[in-house]
Amino acid sequence: MGKNILILSGSPRKGATTDSLVGAFIEGARSAGNTVTNVRVAGLKIGGCLGCNHCFEDESQCVQKDDMAQIIDKLKESDALVFASPIYFFGLTAQIKLAIDRTYALLREGTPVKRAALLLTCGADSPDVTEPAIAMFRAMANYQQWAEAGVVVAHGLHKPDDLKGRPELEQARQLGVNI
Ligand SMILES: Cc1cc2nc3c(=O)[nH]c(=O)nc-3n(C[C@H](O)[C@H](O)[C@H](O)COP(=O)(O)O)c2cc1C
């Protein structure tokens with residue numbers, strides 16, 4: 001049976017390298033009969049978590065009424081979660097981190113998510129540059145008890161179409177098929 005997959009995509013640059021990697025993943029995932037929702041978080045209005053703990057006392061309700069509500073609703077019906085982001089200063093973008101922090105509202109209630117994957121793009125060629133983001137993803141998956149479905153990393157990317165024809169697109173497509 002097909003899975004419900006939610007992608008949180010953190011690049012503010014529309015149609016650029018991260019979107020291309022996400023596009024290949026979606027193609028694979030849909031070809032395998034999964035339902036995919038891609039949320040480009042940089043286009044949404046999402047405030048940072050206030051740490052007020054209101055959500056722990058009031059049925060997962062956040063005091064902030066903004067676009068995070070649509071992600072929370074989707075998370076409640078997702079089996080798999082994909083984080084896609086460029087590396088900005090050795091980490092995920094601030095835009096996707098805002099959304100990740102706000103999933104705090106569902107920590108008590110939990111979600112149906114069982115599997116998670118990571119898609120990364122970056123400028124540098126050295127693997128060192130993505131290590132902190134991959135470590136963060138793995139720690140989060142371990143904490144949330146998500147099985148790691150896969151990590152695809154594409155290095156050496158600067159211009160929007162730099163990923164064209166590169167093998168990482170096929171890796172992302174395969175990850176979509178197998179997630
Ligand atoms: C603010 C900013 C910070 C970045 N920091 C890094 C970095 O620390 N390491 C790296 O390898 N690339 C870095 N990059 C390059 C991007 O990760 C890379 O070009 C990526 O492919 C951009 O994704 P996009 O095409 O979806 O915008 C940075 C780019 C920007 C705009």
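A few comments on the model shown:
- The conditions of being part of a helix (DSSP H, G or I), within 23 Å of Arg13 (Cα to Cα), away from the ligand (no atom under 16 Å from the Cβ) and not aromatic (Phe, Trp, Tyr) are not met by Ile96.
- Extreme residue, farthest from the ligand (Cβ to nearest atom), among residues of the range 33-53 that are hydrophobic (A, V, I, L, M, F, W, C) and touching a residue at least 24 places away in the same chain (Cβ under 8 Å): Cys49
For (1) part of a helix (DSSP H, G or I); (2) within 16 Å of the ligand (Cβ to nearest atom); (3) farther than 30 Å from Gly33 by Cβ, each residue gets a yes or a no:
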{"residue": "Lys65", "(1), (2), (3)": "no, no, yes"}
{"residue": "Ile71", "(1), (2), (3)": "yes, no, no"}
{"residue": "Lys74", "(1), (2), (3)": "yes, no, no"}
{"residue": "Glu77", "(1), (2), (3)": "no, no, no"}
{"residue": "Phe83", "(1), (2), (3)": "no, yes, no"}
{"residue": "Ala105", "(1), (2), (3)": "yes, no, yes"}
{"residue": "Glu109", "(1), (2), (3)": "no, no, no"}
{"residue": "Val113", "(1), (2), (3)": "no, no, no"}
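- When Ala94 is tested against (1) crowded, with 16+ Cβ neighbours inside 10 Å; (2) in contact with a Phe, Trp or Tyr (Cβ under 9 Å, 6 or more places away or on another chain), only condition (1) is not met.
- Residue list for the range 104-134, filter: over 15 Å from Tyr88 (Cα atoms) and surrounded by fewer than 20 Cβ atoms within 10 Å (Cβ to Cβ): Tyr104, Leu106, Leu107, Arg108, Glu109, Gly110, Thr111, Pro112, Lys114, Arg115
- Here Ile72 fulfils each of the conditions (1) touching a strand residue (DSSP E or B) at 6+ places or on another chain (Cβ under 8 Å); (2) closer than 16 Å to Thr103 by Cβ apart from (1).
Here's the yes/no breakdown for (1) free of Cβ contacts under 8 Å to residues at least 12 places away in the same chain; (2) under 17 Å from the mean Cα position of the chain (by Cα); (3) surrounded by 13 or more Cβ atoms within 10 Å (Cβ to Cβ):
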| residue | (1), (2), (3) |
| --- | --- |
| Ala16 | no, yes, yes |
| Ser20 | no, yes, yes |
| Ser31 | no, no, no |
| Cys55 | no, no, yes |
| Met68 | no, yes, yes |
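- Residue in the range 116-133 that is closer than 21 Å to Asn4 by Cβ, outside any strand (DSSP E or B) and either within 16 Å of the ligand (Cβ to nearest atom) or modelled with pLDDT of 95 or more (or both) present: no
The values are calculated or read from the model by the stated rules, or taken from the named source; none is laboratory data. Only a predicted model underlies this, so the values are computations on that prediction, with no experimental measurement involved. Backbone-built Cβ (ideal geometry, glycine too); neighbour counts: all protein chains shown.
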